[in-house]
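First comes the structure, then the notes that go with it.
The values are calculated or read from the model by the stated rules, or taken from the named source; none is laboratory data. All values derive from a computational prediction rather than experimental measurement. Ideal geometry is used to build each Cβ from the backbone, glycine not excepted, and the neighbour counts take in all protein chains shown.
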């Protein structure tokens, strides 16, 4: 499976008050995935109507009929870092089409 983060949308850095040497980096972006799976919504089968009137659908990945698909999806990651070198003043997160800098 080939998956590349194409575009960084947002980067945030936070430090918990109770652990000042720990830092959480959250990045959000758009990923381009070329693989042989496809995301689909599959309705559940019902023998009778649910009493609440809510139809459920499962959000799953299934093998694609084609060998290649081109899908773009939003992705998030949280990376926890401890004991950074003292010279670090910011972080730069790179994607294939852009980057984003967040100062600490």
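Name every residue in the stretch 26-42 that is within 17 Å of residue 74 (Cβ to Cβ) and either modelled with pLDDT of 80 or more or not in a strand (DSSP E or B) (or both), in order of residue number.
Correct list: 26, 27, 28, 29, 30, 31, 35.
At least 3 residues that are farther than 30 Å from residue 14 by Cβ and modelled with pLDDT under 80 in each: list the strands (runs of 3 or more DSSP E) lying fully within the stretch 43-97 that qualify.
Here the list reads 57-63.
Just name the residue that is farthest from the chain's Cα centre (by Cα) out of those in the stretch 70-95 that are exposed (fewer than 13 other Cβ atoms within 10 Å of the Cβ), farther than 16 Å from residue 25 by Cα and in contact (Cβ under 8 Å) with a residue 24 or more places away in the chain.
Only one residue fits best here, namely 70.
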